Amino acid sequence: MLLLLCLLSPLVANVRAETGHEAWRRYFRLAPKIGQKYANVPIDIVSVGDTVILAASRKELIVGLAGLLGSAPRKSANPIDRSIVLGKAADLQSKFPKLSVGAISDEGYRLKWQRIGEKACLVIAGGGDRGVLYGVFALLSKIARGEDISALNEVQNPAAEIRWVDQWDNLDGSIERGYAGSSIYFYGGRVRDDLTRASEYARLLASIGINGCNINNVNANPRVLQSDFLPQIARIADEFRHWGVHLSLSVDLSSPTTIGGLDTFDPVDPRVAAWWNSKADEIYTLIPDFGGFTVKADSEGRVGPSSYGRTPADAANVLARALAPHGGVVFYRAFVYDHHLDWRDPKSDRARAAYDIFHPLDGKFDDNVIIQIKHGPIDFQAREPVSPLFSGMEKTSEAIELQITQEYTGQQRHLVYLAPMWKEVLDFDMNGAEQKPRIAAKAPRAPGEEEKQEDSSWFVRTLLAGRIFHRPTGGYVAVVNAGMDENWLAHPFAMANLYAYGRLAWDSNLGARQIAEEWTRLTFGNDSVVVRTATEIAMNSWRTYEKYTGFLGTQTLTDITGSHYGPNIESSEENGWGQWHRADHEGIGMDRSVKTGTGFAGQYQPAVANMYESAATTPDELLLFFHHVPYTHVLHSGKTVSQYVYDSHYEGANEVKGFVREWKGLKERIDHERYDDVLARLEYQAGHAIVWRDAVCSYFLRLSGIADAKGRAGNFPNRIEAEGMTLTDYDVVEVAPRENASDGKAIRCLVPAGCSATFRFGARETGQAQAGLPHSKRYEIDVQYFDQNNGVSRFRVFVNGRKVDEWAADDHLPAKKIGGDTSTRRRIHGVALRPDDEIRVEGIPDEGEVAGLDYLEILAETTDR
Ligand code: GCW
């Protein structure tokens, strides 16, 4: 028995109930084998200096070490034995003149063992207060991950000054594109009384080096700037301050009229400038470390400088001048475009907008204006090229805008780790292969840091750091929808994206895999099987998602005028939003070449422009973004476009099935709460990937008339369509778009007492049984039903009158109707069936939800499904 316990102990060591609230800062007691590595970590703390950030740093260190190593460190005034000594470099050096920590940038830190007198101390020296805080978090992270720190001597300086997140929270407590509960800041039109979550969130952000947070939706409510509202905002800033997080606000450019009483918001009108100046003064009186303003203007119905024939530079500068005396900055979003484009015009192209508008203004922005550029020219698609604007402004500071919120990437229901995609963007060389004269890097560097210049490359990450064009600032912004959900982002793995974002903004040279591994260790513990499996799933997930939802750079195939979630291939077309894929019977893709298309390709530097100009040199994954080609076009991979569509969707759906299988291997190695949560989400995703696969394949099969060479598309031998069953009270509905239900039809129940659909199990339904396989007489029944969000229907499944399963359709998927957003799979395992058995599904509707049913699929039970 004892032996058995010993054998099990590494498995059960970290299996403790968890909600995910602690994220990557769990500070769980290390397993003894790992813990003993830190036997010589000092247990008293000498902290020099006294600010709110230093106090938070000290407290974090105590809490962290107590949790990880099991004994609470003591505070002392001087190193008494071995000590951890922390403080700003300058303060440490004046207190301990023999200490040498070298040069550190303001927000950087050094971790180092050093003798102070006779004592061997572990020094955490920050350039400034934030540096100390980041150094503390870094040390705790190393220990939690079991990293060797016995010879620690490391300096870390952030890659860029701007490392911010934007939240799209509304004052009523809702969050635009929020999938993880309501706002942690606002409720019912005011700031929450209890800001515990806001404070905890700031701590989470600080732990990955994020130093700013814009708290309200860029579709801004002018109310936020009213004099009676600002003191409420100041309460949030008070919470952020301990963690070194600057608070900033999205502003509506019409505020001088809507709340200021002026009759104009023309940015060049002196009265408007005076209004913004006094508003800025008022804010800084309440919030001395206020970060600045974020602006969305002339975009998606927001007003802007165009109302007065003025430019974004006029608008940005009037704000910038109000903020400059206080050290604030303006984030002006380059997401400015016309959403009433003429879709009939082959030359119109939304992708061109940002460059067309902002490139000519280069040099006209004040130094404290940062142009915030979405990573691609369209809108956070699962695949799009890098925005050409990154290399289109040499005299303007830039920040990249990434989206942690998975708006177009499965909405935190699908597991999609985005760091591999972000890395491709950051590592993209805007200068392509062309040799430009070598550029001397004179840009701001951390003192002592070596001058690095990668030949003539203009990597996006280097441009963002301001190094290529010697800009004073720049960096990173990401949209996050952290909400009141206990675990912050709903899907446990969505947190890997927030973690990765912070790590990349700090050090853009880190690899996506390394970051995934770090996150896994900190989130799930150091069990190597868990680390390997979770990292592998994460690393594959983005390409897998791309495989089953969008191909070869088509942009999103989600419901573009609705949820942005499930498939709706035609919704991209014939409207002014400009996310067209231009699919017809012969071919697909947008011609964005200079020669015959919209000219977008010409916005890149010459080498990159040349690459995208021709289909022959455009990488497969972006082919349809730049070119319109026939379905018979042969890709670099050797496949035709049509066959690629079929193959990639079947591959993608299979890969998610594989994720389920791999995750199941972690049972007992992870606490049950998070294990079950991830498993349920992966199982849902595996079902939804099939919905996607079938929608896209059947759509293009019908449109192109070209069959799948492997015979899969449109051919489902084990499927029993609901509309083909014997129906009692259920009625048949045509689903629109038709590819969102198998064979375009489903059944719905409008009778409150319930309806039923019955059929007899026979050889026809079970291809495998027909072929004499398998020996088992047990089957898996997949029930494809629709889980609307306007009621909770109930389902029951009976075999010969005996109930084999029942469930409630109580998920919160983003639609009120039968379709691709709501189509959901329930798998019933191990059902014994014999030919002629009667299978009956009963559905009981609830409110607007109609207990919709699409089909059943029955396959012999194997271990590999
Ligand atoms: O992708 C679109 C979103 C909008 C968002 C907009 C933006 C805040 O669908 O919800 O509005 O981008 O980035 O401004």
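Couplings 3J(HN,Hα) of region 200-205, computed from phi: 5, 5, 4, 5, 4, 5 Hz, in residue order, whole Hz [Karplus 6.51 cos²θ - 1.76 cosθ + 1.60, θ = phi - 60°; x for Gly and Pro].
Summary of packing: across the peptides 843-854, 714-725, the per-residue average of other C-beta atoms within 10 Å ranks them, highest first, as 843-854, 714-725. For region 567-581, backbone nitrogen atoms closer than 12 Å to the point 7 Å from Ser348 Cα along Cα-to-C-beta are found at 574-580. Residue ranking by accessible heavy-atom surface, 1.4 Å probe, largest first, among Lys364, Lys657 comes out as Lys364, Lys657.
Alpha-carbon geometry of region 264-395: the Rg and the Dmax are 15.9, 53 Å, given in that order.
Taking each pair of distinct Cα atoms in region 791-864 once, what is the resulting Kirkwood hydrodynamic radius in Å?
Numbers: mean 1/r = 0.0728 Å⁻¹.
Hydrodynamic radius (Kirkwood, Cα only) of region 791-864 equals 13.7 Å.
When the Cα positions of Ile149, Ser182, Ala159 are compared along the charge dipole of region 118-184, Ile149 comes out farthest toward the positive end, with charges on each C-beta of Lys, Arg, Asp and Glu.
Peptides 641-652, 745-756 ordered by packing proxy, namely the average of other Cβ atoms within 10 Å per residue, highest first: 641-652, 745-756. Take the Cα radius of gyration of region 246-342 and divide it by 2.2 N^0.38 Å, N being the number of residues; the result is 1.06.
Quickly rank 275-288, 124-137 as a protection proxy: mean count of other C-beta atoms within 10 Å, highest first. Write out the running numbers ahead of the final one.
On the way: 275-288: 17.9, 124-137: 26.4.
Put in order of decreasing packing, that is 124-137, 275-288.
If r is the Cβ-Cβ distance from Glu847 to Glu147 and R0 is 35 Å, what FRET efficiency results, to the nearest 0.05? Before the final figure, lay out each step's value.
Details: r = 54 Å, r/R0 = 1.53.
Efficiency at R0 = 35 Å is approximately 0.05.
Relative to the longest principal axis of the C-alpha atoms of the chain, give the angle of the C-alpha long axis of helix 672-704, reported between 0 and 90° and rounded to the nearest 10°. Once rounded, one gets 60 degrees.
Would you mind calculating the gained length between Asp367 and Lys98 on full extension (0.36 nm times residue separation, minus the Cα-Cα distance), in nm to one decimal? Mind dumping the intermediate values first?
Working: separation 269, 0.36 × 269 = 96.84 nm, distance 3.99 nm.
Stretched fully, the Asp367-Lys98 segment lengthens by 92.8 nm.
Treating the Cα atoms of region 493-649 as identical point scatterers in vacuum, please give the log10 of the normalised Debye intensity I(q)/I(0) at q = 0.09, 0.16 Å⁻¹, two decimals. For the requested q values the scattering log ratios are -0.41, -1.02. With all protein chains in place and ligands, DNA and RNA left out, the 1.4 Å accessible area ranks Tyr187, Tyr548 as Tyr187, Tyr548, largest first. Give me the Debye-computed log₁₀ of I(q)/I(0) at q = 0.12 Å⁻¹ for region 340-422, equal point scatterers on Cα only, no solvent, two decimals. Values returned for q = 0.12 Å⁻¹ are -0.45. Once the Cα atoms are used to define both axes, helix 312-323 deviates from the longest principal axis of the chain by about 50 degrees.
In debye to the nearest 20, how big a dipole does region 157-273 give about its Cα centre with +1 on each Lys and Arg Cβ and -1 on each Asp and Glu Cβ? Before the final figure, lay out each step's value.
Working: 10 positive and 15 negative charges, 65 e Å.
Once rounded to the nearest 20, the dipole reads 320 debye.
Using a probe of 1.4 Å, the accessible surface attributed to Thr558 totals some 0 Å² when neighbouring protein chains are kept in position. Per residue, the average separation of C-alpha pairs within less than 8 Å and at least 6 apart gives region 251-362 a relative contact order of 26 percent. With 19 Å as the limit, write out which pairs from Lys37/Lys112; Lys59/Lys95; Lys639/Lys710; Lys364/Lys395; Lys33/Lys667; Lys547/Lys745 have Cα-Cα distances beyond it, or answer none. Where the Cα-Cα span goes over 19 Å, the pairs concerned are Lys59/Lys95; Lys33/Lys667; Lys547/Lys745. Tell me, what % of the accessible area of region 116-165 is carbon and sulfur with a 1.4 angstrom probe? In region 116-165, the share of accessible area belonging to carbon and sulfur is 41 percent. Under 5 Å between amide hydrogens, built in the peptide plane, is the criterion, and for Thr558 it picks out Asn568 among residues at least 5 positions away or on other chains.
Phi-derived couplings, Karplus 6.51 cos²θ - 1.76 cosθ + 1.60 at θ = phi - 60°, listed residue by residue for region 382-395: 5, 8, 8, x, 5, 4, x, 5, 4, 9, x, 9, 8, 10 Hz, with x used for Gly and Pro. Our analysis of region 496-568 gives Rg over Rh at 1.09, with the two radii drawn from alpha carbon positions and Rh computed by the Kirkwood formula. Computed from the Kirkwood radius of its Cα pairs, the Stokes-Einstein diffusion coefficient for region 706-755 at 37 °C and 0.692 mPa s stands at 261 µm²/s.
Measuring only protein heavy atoms, the 1.4 Å probe finds Glu407 accessible over about 10 Å².
A Förster radius of 45 Å combined with the Cβ-Cβ distance from His636 to Ser278 puts the calculated FRET efficiency at roughly 0.15. Sequentially through region 835-847, phi angles give Karplus couplings (6.51, -1.76, 1.60; θ = phi - 60°) of x, 6, 4, 8, 10, 10, 10, 10, x, 10, x, 8, 6 Hz, Gly and Pro residues having no value and appearing as x. For the chain, the dipole from Cβ point charges (+1 on Lys and Arg, -1 on Asp and Glu) about the Cα centre works out to 2620 debye, to the nearest 20. Taking amide hydrogens as placed 1.01 Å from N in the peptide plane, the amide H of Tyr730 sits under 5 Å from those of Ser756, each at least 5 positions away in sequence or on another chain. A Förster distance of 45 Å, applied to the separation of the beta-carbon atoms of Ala736 and Tyr187, puts the FRET efficiency at 0.75.
Quotient of the Cα radius of gyration of the chain and 2.2 N^0.38 Å, N being its number of residues: 1.00. For the chain, relative contact order (Cα pairs under 8 Å, six or more residues apart, normalised by length) works out to 10 percent. Note on Asp427 and His470: the extension gain reaches 13.6 nm, defined as 0.36 nm multiplied by sequence separation minus the Cα-Cα distance.
So what is the relative contact order for region 521-584, in percent, with contacts set as C-alpha pairs under 8 Å and at least six apart? Walk me through the intermediate numbers first.
On the way: 48 pairs, mean separation 10.5, N = 64.
Reported as a whole number, the value is 16 percent.
Between 0 and 90 degrees, rounded to the nearest ten: what's the tilt of helix 230-241 against the longest Cα principal axis of the chain? Result, in degrees: 80.
The values are calculated or read from the model by the stated rules, or taken from the named source; none is laboratory data. Since the model is a prediction, treat every value here as computed from it, not as a measurement. Virtual Cβ from ideal backbone geometry, glycine too; neighbours counted across all protein chains shown. Ligands, DNA and RNA are stripped out before the accessible areas are found, and what is left, the full protein with its side chains, is counted by its heavy atoms. Shrake-Rupley method; radii C 1.70, N 1.55, O 1.52, S 1.80 Å.
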